[in-house]
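Q: For reference, the structure I am asking about is given below.
The values are calculated or read from the model by the stated rules, or taken from the named source; none is laboratory data. Since this is a predicted model, take the numbers as computed values, not measurements. So basically every Cβ, Gly included, is an ideal-geometry build from the backbone, and we count neighbours across all protein chains shown.
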Amino acid sequence: MLDRKIAPQIKKITEIPFPSPTEKKLSNGIPIHGFNIGSQEVVQIELIVKAGLKHGEKALEASAMTNLVGEASSKYSPGKIVELVDYYGAFFESSCNGDRSHFALFTLTKHLNTVLPIFVEAILNPTFPERETAIYLKNSQQNFLIQQEKTDYICRKNFNNLLFENHPYGRTLSASDYDNVSSLELISFHNKHLVAPNCELFVSGNFEENVYELLEKYFSQIPDRKSQVIHFDKVVTNKGGQHFFEKEKAIQSGIRIGKVLDVPFGSTDFYNLKILNTLFGGYFGSRLMKNIREDKGYTYGIGSGIATSEDASFFFITTEVGKDVTTLAVQEIYNELSEITTKKVSAKELETVKNYMLGSLLKESDGVFSIADRFKGVYFKGDSFDFYNRYIQAINNVTSKDLLNTAQKYFNDTNLLEVIAGAK
Amino acid sequence: MIKYNKFTLENGLRVIVHEDNSTPIVAVSLVYDVGARDENPDKTGFAHLFEHLMFGGSENIELFDEPLQNAGGQNNAFTSNDLTNYYDTLPYQNIETALWLESDRMKSLAFTPKSLEVQRSVVIEEFKQRYLNQPYGDVWLLLRPLAYKIHPYQWATIGKEIKHIEDATMEDVKAFFYKHYGPKNAILSIAGNVEIKTVKALVEKWFGDIEGRQKYERNLPKEPKQTALRKLEVERDVPSDMIYLAFKMGNRLEKSYYVSDLISDVLSRGESSRLYRKLIKETHSFTDINAYISGSLDEGLFIVSGKPKKGVNLDEAYKLIRAELDIMQRELCDEKELTMVKNKIESTTVFGEMSVLNKAMGLGYFELLGDADMINKEEDKFHAITDKDLLEQSKIMFAESNCSVLYYKSKINNICWIEK
């Protein structure tokens with residue numbers, strides 16, 4: 001007779017193999033990182049450029065630039081680039097964050113030779129035509145106005161603004177910003193930053209080795225000149241305090257609580273904070289979810305995270321709760337924070353978190369694009385795949401005492417910033 | 001091409017296994033043949049509420065998530081109008097944990113009052129977060145009853161109103177479980193680094209002793225043919241007007257489903273598609289425009305939605321969209337457009353097969369439709385479609401009498417626009 005109360009034996013993950021990338025350099029000095037390990041006939045080529053939101057004189061420069069690349073170029077009139085790429089079922093994805101712009105091409109390997117030159121032309125010689133730029137800005141402005149109606153957005157925007165008072169990471173947008181960006185500014189932003197010393201290339205998927213020659217042929221056109229280095233001070237602390245932003249008639253409130261973390265990437269404290277965060281609010285079985293969703297039913301979802309950028313790391317808790325239970329939910333969050341800074345985690349809970357984290361790492365490193373993404377995530381922080389070997393070791397070795405010490409070191413202060421957006 | 005093995009247990013559970021040795025993980029998908037369309041009109045939102053309860057513990061296992069997480073796994077689930085799909089991914093060595101957990105909750109739930117009480121609140125917060133506290137969040141709560149008068153697609157999976165969720169009782173929960181969650185109403189599909197022989201033995205071990213229970217025979221009222229244009233106008237606190245056109249289209253197995261899907265691609269997939277090019281880029285009369293199909297198993301909807309630019313009113317917006325649909329009804333689309341959308345289908349298929357979870361869920365979905373093998377025939381079905389098929393389908397589908405229109409008007413008029 002089968003005893004259903006007894007769980008099947010489980011095998012622990014003790015290591016995860018990360019295949020090292022092939023490292024090459026173009027003649028203009030741009031590094032290439034290659035992952036030729038795909039099982040499907042697809043390829044992704046990504047150019048990453050030090051041209052993030054923080055580099056723009058205006059808040060919108062980087063995002064408008066990345067979104068409008070692909071619109072038109074010296075060789076192609078508006079709409080032509082996307083028409084050519086769409087035809088082959090390939091697609092461009094461009095985006096930017098605080099530190100960098102990303103331009104990616106995804107295609108079936110069989111169409112790479114055809115679409116690669118179009119991709120390169122689009123990135124290197126964009127013209128940002130006035131008409132298309134104006135349309136893009138107007139549509140984005142419209143979208144911004146809709147975002148501004150969301151309590152969650154209001155909360156996040158003000159939280160970032162208050163957390164990073166003296167760094168462009170905290171810059172907020174207003175509707176009029178969309179009326180104040182010109183084609184000329186975009187051209188100048190692009191020219192200034194798209195230079196070889198700012199660029200890195202990543203190629204991943206399943207491809208012929210001659211791809212490296214193609215990359216040399218096309219991307220060596222990027223001029224090898226120095227760009228003006230803009231220096232930003234690291235943000236190591238923030239002002240705490242409680243802030244309320246009114247959104248009339250909202251039936252839920254957005255809540256965000258957090259603080260800047262002064263911790264070196266990849267250090268023991270960093271790993272311990274990642275583990276602590278997972279346990280606290282980083283997965284479905286976390287304490288925040290168990291208490292505030294699964295026990296109290298105050299919310300559809302609650303979580304916490306640690307975000308790491310070039311000039312700052314920060315911890316944040318985020319949720320949307322029913323208007324009437326806002327105060328109760330905030331209190332429960334502080335109760336949970338107090339809990340992790342005063343009591344040791346039980347062996348059972350720690351074991352589950354460890355196993356969950358190792359399983360997630362394994363899943364996140366499944367497939368060639370995921371592996372490449374994992375690499376990019378650590379490479380730009382000055383680390384290598386060794387980050388993960390140390391991470392796995394840290395997860396395996398961490399004790400309840402280590403976590404209590406970490407919690408006391410980082411969460412026992414009054415620097416927490418609390419932002420609530422909702423109806424009074 | 002996804003290779004797989006299929007077998008059926010004595011209790012009626014269908015099982016599909018796909019081996020992929022290139023991955024360290026395995027995906028387990030369990031799809032139950034029940035969705036919001038199977039609900040009582042006075043107790044809507046129940047299939048989805050029930051999905052939440054499936055995580056509240058089963059007969060022999062107190063909590064579903066914890067043992068799975070302990071085995072390095074992750075899981076989630078979704079409910080649609082048609083079906084309910086639970087899925088787990090975990091290191092392939094630990095597949096048995098997923099089978100143990102999934103089989104126990106198929107065998108019997110714990111039915112604890114606390115779980116029902118809490119999940120009612122959670123789902124009510126979900127209702128608020130996704131449908132009420134978002135600009136345009138209630139669109140589908142309005143559009144469904146406008147388009148469907150008889151068929152249960154007239155309500156959204158979240159339910160018609162919060163009250164229905166508040167009123168759910170334990171009796172309802174138990175009845176629903178025994179009616180819909182038996183092995184005969186489920187398909188288990190597994191994809192990843194596994195061997196068919198081992199998997200078969202493990203599935204037999206954990207699912208084999210579950211009693212067969214009844215097969216749910218679906219007998220839904222058929223939506224009568226629509227004969228006149230329907231129109232609904234509402235006003236809300238949103239920054240801009242929005243328009244929705246919903247046309248009735250064929251069910252998931254009809255050829256017209258595939259044709260309609262390609263029509264939506266020609267109209268709105270990517271920036272080189274027609275609506276985007278003409279209504280945003282060329283005339284800039286809209287700030288946003290989309291065409292897509294609801295993807296339903298029964299007779300579904302073909303949707304065109306858009307946000308007209310300030311200064312373009314909803315009647316004008318309607319006419320502009322209508323003009324593009326009229327062209328689809330009048331003229332063959334050109335060779336190049338058709339090749340493009342077919343190339344996109346090919347590329348989506350290949351990219352989709354990169355993930356074992358996608359493959360497991362896809363196999364389960366097509367088996368639910370009738371035969372898992374359809375997953376490998378989809379692309380050919382799209383490829384066989386001609387420009388004439390698109391024209392003929394457009395003529396039927398885009399008839400004005402087949403359309404429900406929603407005008408979603410903005411009450412806010414304080415936005416300052418500076419034309420450049």
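Q: Filter the stretch B:110-146 down to residues that are within 24 Å of A:GLU294 (Cβ to Cβ) and either crowded, with 22+ Cβ neighbours inside 10 Å or within 11 Å of another protein chain (Cβ to nearest Cβ) (or both), then give me how many there are.
A: Going residue by residue through the stretch B:110-146, those that are within 24 Å of A:GLU294 (Cβ to Cβ) are B:110-134.
With either crowded, with 22+ Cβ neighbours inside 10 Å or within 11 Å of another protein chain (Cβ to nearest Cβ) (or both) added as a condition, the list becomes B:114-134.
Residues meeting the conditions: 21.
Q: If B:VAL194 passes every condition in (1) within 12 Å of another protein chain (Cβ to nearest Cβ); (2) more than 17 Å from B:VAL34 (Cβ to Cβ); (3) touching a residue at least 40 places away in the same chain (Cβ under 8 Å); (4) assigned to a loop (DSSP other than H, G, I, E, B) but one, which one does it miss?
A: Against the list (1) within 12 Å of another protein chain (Cβ to nearest Cβ); (2) more than 17 Å from B:VAL34 (Cβ to Cβ); (3) touching a residue at least 40 places away in the same chain (Cβ under 8 Å); (4) assigned to a loop (DSSP other than H, G, I, E, B), B:VAL194 comes up short only on (1).
Q: Filter the helices (runs of 4 or more DSSP H) completely within the stretch B:61-168 down to those with at least 1 residues that are acidic (Asp, Glu). Before the answer, list the steps.
A: Details: elements: B:65-70, B:95-107, B:113-127, B:139-147, B:162-166.
Qualifying helices (runs of 4 or more DSSP H): B:65-70, B:95-107, B:113-127, B:162-166.
Q: If I ask for residues that are of a type outside the set (S, T, N, Q) and either in contact with a Cys (Cβ under 7 Å, 6 or more places away or on another chain) or outside any helix (DSSP H, G or I) (or both), which ones from the stretch A:72-91 would you list?
A: Step one: list which residues in the stretch A:72-91 are of a type outside the set (S, T, N, Q), which gives A:72, A:75-76, A:78-91.
Listed by number, the residues that qualify are A:ALA72, A:LYS75, A:TYR76, A:PRO78, A:GLY79, A:TYR88, A:GLY89, A:ALA90, A:PHE91.
Q: Among the listed residues B:ILE196, B:ILE187, identify the single one that is in contact with an Asp or Glu (Cβ under 6 Å, 6 or more places away or on another chain) and on the phi < 0 side of the Ramachandran plot.
A: On the way: B:ILE196 fails: in contact with an Asp or Glu (Cβ under 6 Å, 6 or more places away or on another chain).
The match here is B:ILE187.
Q: Then there's this: Based on this model, can you work out whether A:SER253 counts as at negative phi, in contact with a strand residue (DSSP E or B) (Cβ under 7 Å, 6 or more places away or on another chain) and outside the structural domain of A:ILE123 (by TED's automatic domain parsing)? Explain how you work it out, then say what you get.
A: On the way: at negative phi: yes; in contact with a strand residue (DSSP E or B) (Cβ under 7 Å, 6 or more places away or on another chain): yes; outside the structural domain of A:ILE123 (by TED's automatic domain parsing): yes.
Answer is yes for this residue.
Q: Which one is nearest to the other protein chains (Cβ to nearest Cβ) among residues in the stretch A:143-185 that are over 24 Å from the mean Cα position of the chain (by Cα) and part of a helix (DSSP H, G or I)? Quick ask: steps written out before the conclusion?
A: Residues of the stretch A:143-185 over 24 Å from the mean Cα position of the chain (by Cα): A:175-176, A:179-185.
Within this subset, residues satisfying the condition of being part of a helix (DSSP H, G or I) are A:175-176, A:179, A:183-185.
Details: A:ALA175: 7, A:SER176: 8, A:ASP179: 5, A:SER183: 10, A:LEU184: 13, A:GLU185: 14 Å.
Within the stretch A:143-185, the match that is nearest to the other protein chains (Cβ to nearest Cβ) is A:ASP179.
Q: Taking the stretch A:347-381 as the region of interest, how many residues are among the β-branched types (Val, Ile, Thr) and more than 14 Å from every other protein chain (Cβ to nearest Cβ)? It would help to see each step written out before you state the result.
A: Going through the stretch A:347-381, the residues among the β-branched types (Val, Ile, Thr) turn out to be A:352-353, A:368, A:371, A:378.
Adding the requirement that they be more than 14 Å from every other protein chain (Cβ to nearest Cβ) leaves A:378.
Qualifying residue count for the region: 1.
Q: Next question. Cβ contacts < 6 Å: first residue facing chain A (nearest Cβ under 8 Å), restricted to the stretch B:58-83; second residue among the aromatic types (Phe, Trp, Tyr), any location; separation 6+ or different chain. Result?
A: B:ASP65/A:PHE284; B:GLN69/A:TYR356
Q: In a strand (DSSP E or B), within 14 Å of chain B (Cβ to nearest Cβ) and touching a residue at least 24 places away in the same chain (Cβ under 8 Å): does that describe A:ILE306? Quick ask: steps written out before the conclusion?
A: Working: in a strand (DSSP E or B): yes; within 14 Å of chain B (Cβ to nearest Cβ): no; touching a residue at least 24 places away in the same chain (Cβ under 8 Å): yes.
Judged against the criteria, A:ILE306 is not a match.
Q: Does the stretch A:382-393 include one or more residues that are of a type outside the set (Ser, Thr, Tyr), within 14 Å of another protein chain (Cβ to nearest Cβ) and closer than 30 Å to A:THR414 by Cβ? Break it down into steps so the answer makes sense when it comes.
A: If we filter the stretch A:382-393 for residues that are of a type outside the set (Ser, Thr, Tyr), which is where we start, we get A:382-383, A:385-387, A:389-390, A:392-393.
With the extra rule that they be within 14 Å of another protein chain (Cβ to nearest Cβ), the set shrinks to A:392.
Those still in the list that are closer than 30 Å to A:THR414 by Cβ too: none.
The answer is no, given that none of the residues of the stretch A:382-393 is of a type outside the set (Ser, Thr, Tyr), within 14 Å of another protein chain (Cβ to nearest Cβ) and closer than 30 Å to A:THR414 by Cβ.
Q: Among the residues of the stretch A:66-78, are any within 14 Å of chain B (Cβ to nearest Cβ), hydroxyl-bearing (Ser, Thr, Tyr) and either buried (at least 23 other Cβ atoms within 10 Å of the Cβ) or in contact (Cβ under 8 Å) with a residue 40 or more places away in the chain (or both)? Outline the logic, then answer.
A: Residues of the stretch A:66-78 that are within 14 Å of chain B (Cβ to nearest Cβ), as a first pass: A:67-72, A:76-78.
Checking the rest, the ones that are also hydroxyl-bearing (Ser, Thr, Tyr) come to A:76-77.
Keeping just the survivors that are either buried (at least 23 other Cβ atoms within 10 Å of the Cβ) or in contact (Cβ under 8 Å) with a residue 40 or more places away in the chain (or both) gives A:76.
Within the stretch A:66-78, one or more residues are within 14 Å of chain B (Cβ to nearest Cβ), hydroxyl-bearing (Ser, Thr, Tyr) and either buried (at least 23 other Cβ atoms within 10 Å of the Cβ) or in contact (Cβ under 8 Å) with a residue 40 or more places away in the chain (or both).
Q: I'd like the residue in the stretch A:41-70 that is in a strand (DSSP E or B) and β-branched (Val, Ile, Thr) and, out of all such residues, is nearest to A:ALA196 (Cα to Cα). Explain how you work it out, then say what you get.
A: Taking the stretch A:41-70 first, the residues in a strand (DSSP E or B) are A:42-49.
Keeping just the survivors that are β-branched (Val, Ile, Thr) gives A:42-43, A:45, A:48-49.
Details: A:VAL42: 27, A:VAL43: 23, A:ILE45: 16, A:ILE48: 11, A:VAL49: 9 Å.
Among them, the one singled out is A:VAL49.
Q: Please determine whether any residue of the stretch A:264-287 is among the acidic types (Asp, Glu), under 26 Å from A:GLY240 (Cα atoms) and at pLDDT 95 or above. Give the derivation first.
A: The first filter runs over the stretch A:264-287 and keeps only residues among the acidic types (Asp, Glu), leaving A:269.
Adding the requirement that they be under 26 Å from A:GLY240 (Cα atoms) leaves A:269.
Subsequent filtering for residues that are at pLDDT 95 or above retains A:269.
So far as the stretch A:264-287 goes, yes, one or more of its residues are among the acidic types (Asp, Glu), under 26 Å from A:GLY240 (Cα atoms) and at pLDDT 95 or above.
Q: Can you tell me how many residues in the stretch A:241-288 are within 26 Å of B:GLU125 (Cβ to Cβ), among the hydrophobic types (A, V, I, L, M, F, W, C) and assigned to a loop (DSSP other than H, G, I, E, B)? Please lay out each step first, then the result.
A: The initial filter retains those residues of the stretch A:241-288 that are within 26 Å of B:GLU125 (Cβ to Cβ), namely A:242-258, A:277-288.
Cutting the leftovers down to among the hydrophobic types (A, V, I, L, M, F, W, C) gives us A:244-245, A:250-251, A:255, A:257, A:279-280, A:284, A:288.
Going one step further and asking which of them are assigned to a loop (DSSP other than H, G, I, E, B), we end up with A:250-251, A:284.
Total meeting the criteria: 3.
Q: Residue under question is A:SER313, and the condition is that it be hydroxyl-bearing (Ser, Thr, Tyr) and touching a Leu at 6+ places or on another chain (Cβ under 8 Å); does it hold? Don't jump to the end; show me each part of the working.
A: On the way: hydroxyl-bearing (Ser, Thr, Tyr): yes; touching a Leu at 6+ places or on another chain (Cβ under 8 Å): yes.
Spelling it out, A:SER313 is indeed hydroxyl-bearing (Ser, Thr, Tyr) and touching a Leu at 6+ places or on another chain (Cβ under 8 Å).
Q: Pull out all pairs, ordered by first then second residue, where Cβ-Cβ is under 6 Å, the residues are six or more apart or on different chains, the first lies in the stretch A:24-35 and is closer than 21 Å to A:ILE371 by Cα and without any contact (Cβ under 8 Å) to a residue 24 or more places away in the chain, and the second is hydroxyl-bearing (Ser, Thr, Tyr) and surrounded by 17 or more Cβ atoms within 10 Å (Cβ to Cβ).
A: Nothing qualifies.
Q: Hey, does the stretch A:4-16 have a residue that's within 25 Å of A:GLU216 (Cα to Cα) and either more than 12 Å from chain B (Cβ to nearest Cβ) or crowded, with 19+ Cβ neighbours inside 10 Å (or both)?
A: Within the stretch A:4-16, the first condition is being within 25 Å of A:GLU216 (Cα to Cα), and the residues that meet it are none.
Checked the stretch A:4-16: no residue is within 25 Å of A:GLU216 (Cα to Cα) and either more than 12 Å from chain B (Cβ to nearest Cβ) or crowded, with 19+ Cβ neighbours inside 10 Å (or both).
Q: If you don't mind, another one. Residues that are touching a Ser or Thr at 6+ places or on another chain (Cβ under 6 Å), within 30 Å of A:GLU165 (Cβ to Cβ) and among the hydrophobic types (A, V, I, L, M, F, W, C), at least 1 per element: which helices (runs of 4 or more DSSP H) completely within the stretch A:327-424 meet that?
A: Working: elements: A:347-364, A:368-379, A:386-397, A:400-411.
In the stretch A:327-424, A:400-411 are the helices (runs of 4 or more DSSP H) which contain 1 or more residues that are touching a Ser or Thr at 6+ places or on another chain (Cβ under 6 Å), within 30 Å of A:GLU165 (Cβ to Cβ) and among the hydrophobic types (A, V, I, L, M, F, W, C).
Q: State whether the residues of the stretch A:47-61 include one that is within 11 Å of another protein chain (Cβ to nearest Cβ), farther than 19 Å from A:SER188 by Cβ and in contact with a helix residue (DSSP H, G or I) (Cβ under 8 Å, 6 or more places away or on another chain). Before you say what the answer is, go through the steps one by one.
A: Step one: of the stretch A:47-61, the residues within 11 Å of another protein chain (Cβ to nearest Cβ) are none.
Checking the stretch A:47-61: not a single residue is within 11 Å of another protein chain (Cβ to nearest Cβ), farther than 19 Å from A:SER188 by Cβ and in contact with a helix residue (DSSP H, G or I) (Cβ under 8 Å, 6 or more places away or on another chain).
Q: Give A:PHE106, A:PHE119 a once-over and let me know the one that is touching a residue at least 24 places away in the same chain (Cβ under 8 Å) and more than 8 Å from every other protein chain (Cβ to nearest Cβ). I'd like the intermediate steps shown before the answer.
A: Values: A:PHE106 fails: more than 8 Å from every other protein chain (Cβ to nearest Cβ).
On inspection, the qualifying residue turns out to be A:PHE119.
Q: Say we look at the stretch B:21-40 and pick out the residues that are within 14 Å of another protein chain (Cβ to nearest Cβ) and in contact with a Lys or Arg (Cβ under 8 Å, 6 or more places away or on another chain); which of these is nearest to B:LEU368 (Cα to Cα)?
A: Initial filter on the stretch B:21-40 (within 14 Å of another protein chain (Cβ to nearest Cβ)): B:21-28.
Right, trim to in contact with a Lys or Arg (Cβ under 8 Å, 6 or more places away or on another chain) and you get B:25, B:27.
On the way: B:ILE25: 24, B:ALA27: 18 Å.
Checked the stretch B:21-40; the qualifying residue nearest to B:LEU368 (Cα to Cα) is B:ALA27.
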